[in-house]
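J.: Encoded as structure tokens, here's the structure I'll be asking about.
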Amino acid sequence: MPELIIEQSQDVINYTNMLRLPYSEALRNHIVYMVSGIISTQGNVNVSTIYSKHTCNRDRSCGSRFLGEYKWSNEYVDHKRINHALNIVRNTVEEGTVGFLIIDDSLSKKDKSTKKIEGLDYHHSHSDGKTMWSHCVVTSHYKISEYSLPLSYKLYLRKQFFGTKAKKLFKNK
């Protein structure tokens with residue numbers, strides 16, 4: 001069966017342009033490549049599989065350099081994305097409508113053969129009632145009227161993971 005090859009999604013391009021990110025065209029293109037690839041790639045999603053599905057002639061190492069070396073801020077992009085979504089909600093939802101902030105800590109269970117993957121630890125699974133070897137992802141989501149807005153997601157790492165190299169004040173769940 002032939003592999004699906006994708007082009008840049010016009011919807012993703014329009015959305016990225018609407019955010020008016022103050023980055024070069026090359027950086028905005030990388031953002032579009034990443035988002036389009038994440039949306040359309042099935043199965044194991046990593047930088048290599050995302051870039052292998054594009055019609056462009058970029059080498060897969062370009063994606064790795066974009067994530068690791070280029071000067072861009074995912075916090076800034078998130079801030080712009082959330083502000084844009086909240087402005088739409090403010091302009092379309094009636095005043096006084098009740099919204100819900102949903103906070104969740106979900107486990108991504110792993111088996112023992114994955115012990116070399118960074119950030120894995122034993123976490124308590126409330127659904128299974130026992131401790132499991134896993135990643136723990138803490139997410140926040142806002143639901144109001146017909147809108148559902150993902151706000152934040154963070155990989156939870158215990159204080160011991162950082163040791164003495166913790167640059168910020170540690171926050172637990």
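Read-outs throughout are calculated quantities, based only on the coordinates presented, and are distinct from any laboratory measurement. Keep in mind that what you see is a predicted model, and the values were worked out from it rather than measured. We place every Cβ from the backbone using ideal geometry, glycine too, and count neighbours over all the protein chains shown.
J.: Ranking 49, 97 by Cβ neighbours within 10 Å, fewest first, what do you get?
T.: The order, fewest Cβ neighbours first, is 97, 49.
J.: To continue, here is another question. Subtract the Cα-Cα distance of residue 45 and residue 86 from 0.36 nm times their separation in residues, and report this length gain in nm to one decimal.
T.: The span from residue 45 to residue 86 would gain 11.9 nm if fully extended.
J.: Mind checking the dipole of region 59-156: about its Cα centre, +1 per Lys or Arg Cβ, -1 per Asp or Glu Cβ, Debye to the nearest 20?
T.: It comes to approximately 440 debye.
J.: If you don't mind, there's one more thing I want to ask. Calculated FRET efficiency, residue 148 and residue 10, Cβ-Cβ r, R0 22 Å, to nearest 0.05?
T.: Rounded to the nearest 0.05, the efficiency is 0.45.
J.: Something else now. Rank the residues 66, 100 as a footprinting-exposure proxy: fewest other Cβ atoms within 10 Å of their Cβ go first.
T.: Fewest-to-most Cβ neighbours within 10 Å comes out as 100, 66.
J.: How far apart, in nanometres, would the label points at residue 158 and residue 118 be if each is projected 7 angstrom from Cα along the Cα-to-Cβ direction?
T.: Output for this residue pair reads 1.9 nm.
J.: Given the Cα-Cα distance of residue 105 and residue 133 and 0.36 nm per residue of separation, how much length would full extension add, in nm?
T.: Taking 0.36 nm per residue and subtracting the Cα distance, the gain is 8.6 nm.
J.: For an R0 of 45 angstrom, estimate the FRET efficiency from the Cβ-Cβ distance between residue 64 and residue 94 and round to the nearest 0.05.
T.: Given R0 = 45 Å and the Cβ-Cβ separation, E is 0.45.
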